[in-house]
Amino acid sequence: MSYTKFLLVVLACFAGINTLFSQSEFEGLGETSFAINTDISSNYKVNFAVRSRYYLYQDDDFNFENRQLDFVHFSTLNLDYNHSISLGVQYRIRESIDGDSNELRLTQQFNYTKKQEDTRFGHRVRFEQRILEDLTILRSRYRFALDFPLNGEKLDIGEAYFVGAMEALLSNSKNEKPELDHRTTAHIGWLVSKTLKLQFGTEYRFEAFNLNTEQKLFFLTSAVLKI
Amino acid sequence: MKLKAFIFLLCFCQFVFCQTKNEKEERIPLAEFPEAAKAVIKNLPDDCKRLKFYKETDGEKQSFEVKFKYKRKRYSLEFSIDGNIEDIEVLTKLKNIDETVKTKIENYFASSFTKHKFIKVQEQYIYNVKLDAKTFVDNVLNNNSLKAPNFEIIAEVKTDKKRDIREFIFNTFGEFVNFRILNPTSYEHVLY
C-alpha cells in the first residue's frame, strides 16, 4: 500500500475525533448490523439484514440507550458486471424502544462501479420513501465511495480492505422544510473466510445543515455472511 | 456482556483458522524476488515509474510480477519461481489493435455470445528463449519486438442464461486460442 493511501486510511479513521468534544449539538451513536447475502442466479441477489442503533453519548454525557431496530431487505439485479439496480424495503421499530414513530421505508437504487488498478469507485443514487405514522418523507441521496484491499490488487481471504464514502442527502416532506444532510464514512473490513466479512468503521453526520445542524458520530460494526 | 465478549472472540478464532488458503496475491519488497528476476528489473530503463512488486500463489504454483508505467503505458512483467521471464503484458485498448485483427476478434464475440462487454485488453509478449532477457524486455518496451503479440482479453460474456467473466487469448492474427473462467473476485465488500 502506498504512503498516500496509508495516510488516507489513518486520517479517515480519526476524522471525527476533533469535533467530538467541542459541540453541544453533538451525539455519539453506535450501530451494529448482521447481514446475509445470497446469490439467486448470476444476475440476481438478495440481502437481508438486522441492524440496531443505540446512543452512546448524548446531552453531554456518556450513556447507553437503545434507539431502534431495523429489518432490511434488498433485491439487486445486476445489469452487467458494474451496473446494478436494487429495490429495498425496511421496517424500523422505534415506538416500543424510544417512543418515536415506527417507519416503513421503500428504496430504489442505481449503482455504478469503476475499477482502476486496485481501487474501485462506486456511485450510488437512491430514492427513498420513508413512511412514518403521520408523515411521509421523500429522500434522494447520492453516495460516492471508494474501496481497495490493503495488500495487493486483489482481496484474498484473510486480507483487510478499506472503504471510504461521502454521501449527500436531501429530504422533502409536506409540512417541513427541505433538509440537507452530509455523511462521511470510513470502514476497515476483513474478509475472514470465503463467506464472512467483518467491518468496523466510523461515520460522521451533519444533519439538517441547512436548518439547524446536528452532528453525529457513529461507531459501526457489522458482520456480513455470504451463503 | 459476557456473550458479546464471547462472540467477539469467536470471530477472531475464525480469522486465525482461515489463514490457510491456496490462492493469494500480495505485495512484497523487491528483495524477496528471485535473483535472476532482480537482475532483469535492475536493467529496466530509469524512467520506468510506479514500480510495484507482487507475489502470486495459486496452489503449489508461485510466480512473481512487477508492474510499472513506462512512456505512459502500463506494463506487467511476469517471472516464474526461479526468476525466468514468462511474459510481458501491455495494457491497451481494443481500438488500438490493428483493424483486421480487431474485426476478427469482434466477430468471434458477436457470434459466440448473446452479449459481451470488454473489461480489459492486453497485448501479451511471450518470452522468446533465443533472446537474452534484457534484449527481449527492451524490444517490447521500445515497441520493436520481432514477434507480434497475442491478445489477452477479459470480458463479461453472456451465453443462454449464464453470465460470467472470462479471460480469452487470441493469437497475433486475431484467432481464438483458449479461455478460462475467472473467479468473480470478492467484489462485494461494499454492501448492496
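The values are calculated or read from the model by the stated rules, or taken from the named source; none is laboratory data. This structure is a prediction, so every number in the text was calculated from the model and none was measured. Neighbour counts are summed over all protein chains in view; Cβ atoms, including those assigned to glycine, are modelled from backbone coordinates with ideal geometry.
Residues in region A:105-117 that are surrounded by fewer than 13 Cβ atoms within 10 Å (Cβ to Cβ) and in contact with a strand residue (DSSP E or B) (Cβ under 8 Å, 6 or more places away or on another chain): A:Lys114 alone. Please verify whether B:Phe33 is at pLDDT 90 or above, surrounded by 18 or more Cβ atoms within 10 Å (Cβ to Cβ) and in contact with a Phe, Trp or Tyr (Cβ under 6 Å, 6 or more places away or on another chain), treating the condition exactly as stated. For B:Phe33, the condition - at pLDDT 90 or above, surrounded by 18 or more Cβ atoms within 10 Å (Cβ to Cβ) and in contact with a Phe, Trp or Tyr (Cβ under 6 Å, 6 or more places away or on another chain) - is not met.
The residues of region B:103-117 that are surrounded by 16 or more Cβ atoms within 10 Å (Cβ to Cβ) and either in a helix (DSSP H, G or I) or touching a Leu at 6+ places or on another chain (Cβ under 7 Å) (or both), listed by number, are B:Lys104, B:Ile105, B:Tyr108, B:Phe109. Per the conditions (1) closer than 22 Å to B:Val177 by Cβ; (2) within 14 Å of another protein chain (Cβ to nearest Cβ); (3) crowded, with 18+ Cβ neighbours inside 10 Å, the sole criterion not satisfied by B:Ser76 is (3). In region A:176-193, the residue that is surrounded by the most Cβ atoms within 10 Å (Cβ to Cβ) out of those that are within 8 Å of chain B (Cβ to nearest Cβ) and in a loop (DSSP other than H, G, I, E, B) is A:Val192.
Residues are listed down the side, and each one gets a yes or a no for (1) surrounded by fewer than 20 Cβ atoms within 10 Å (Cβ to Cβ); (2) under 30 Å from B:Pro29 (Cα atoms); (3) under 16 Å from the mean Cα position of the chain (by Cα):
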position: A:Glu159; (1), (2), (3): no, yes, no
position: A:Ala168; (1), (2), (3): yes, no, yes
position: A:Lys174; (1), (2), (3): yes, no, no
position: A:Glu207; (1), (2), (3): yes, no, yes
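Can you work out which of the residues in region B:145-171 that are within 14 Å of chain A (Cβ to nearest Cβ) and surrounded by fewer than 14 Cβ atoms within 10 Å (Cβ to Cβ) is nearest to B:Asp98 (Cα to Cα)? Checked region B:145-171; the qualifying residue nearest to B:Asp98 (Cα to Cα) is B:Thr159. Number of residues in region B:122-146 that are under 17 Å from B:Gly83 (Cβ atoms) and either of a type in the set (Lys, Arg) or touching a Cys at 6+ places or on another chain (Cβ under 7 Å) (or both): the value is 1.
Pairing each residue of region A:17-38 that is within 20 Å of A:Asn212 (Cβ to Cβ) with any residue that is at pLDDT 80 or above and among the hydroxyl-bearing types (Ser, Thr, Tyr), provided the two are 6+ apart or on different chains, yields C-beta distances under 7 Å for A:Glu25/A:Thr213; A:Glu27/A:Tyr55; A:Glu27/A:Tyr57; A:Gly28/A:Tyr57; A:Leu29/A:Tyr54; A:Leu29/A:Tyr55.
Could you check, for region A:51-72, whether at least one of its residues is over 22 Å from A:Tyr204 (Cβ atoms), surrounded by fewer than 18 Cβ atoms within 10 Å (Cβ to Cβ) and within 13 Å of another protein chain (Cβ to nearest Cβ)? Scanning region A:51-72, I find no residue that is over 22 Å from A:Tyr204 (Cβ atoms), surrounded by fewer than 18 Cβ atoms within 10 Å (Cβ to Cβ) and within 13 Å of another protein chain (Cβ to nearest Cβ), so the answer is no. Residues that are hydrophobic (A, V, I, L, M, F, W, C) and in contact with a Phe, Trp or Tyr (Cβ under 9 Å, 6 or more places away or on another chain) within region B:149-177 comprise B:Phe151, B:Ile153, B:Ile154, B:Ala155, B:Val157, B:Ile165, B:Phe168, B:Ile169, B:Phe170, B:Phe176, B:Val177, listed in sequence order.
Checked against (1) surrounded by fewer than 14 Cβ atoms within 10 Å (Cβ to Cβ); (2) modelled with pLDDT of 95 or more; (3) within 12 Å of another protein chain (Cβ to nearest Cβ), A:Ser33 meets all criteria but (1).
Restricting region A:125-158 to residues that are charged (D, E, K, R) and at pLDDT below 95 leaves a set whose member that is farthest from A:Leu198 (Cα to Cα) is A:Asp134. Flag: A:Asn102 does not match the condition of being away from chain B (no Cβ under 14 Å), without any contact (Cβ under 8 Å) to a residue 24 or more places away in the chain and in contact with a strand residue (DSSP E or B) (Cβ under 8 Å, 6 or more places away or on another chain).
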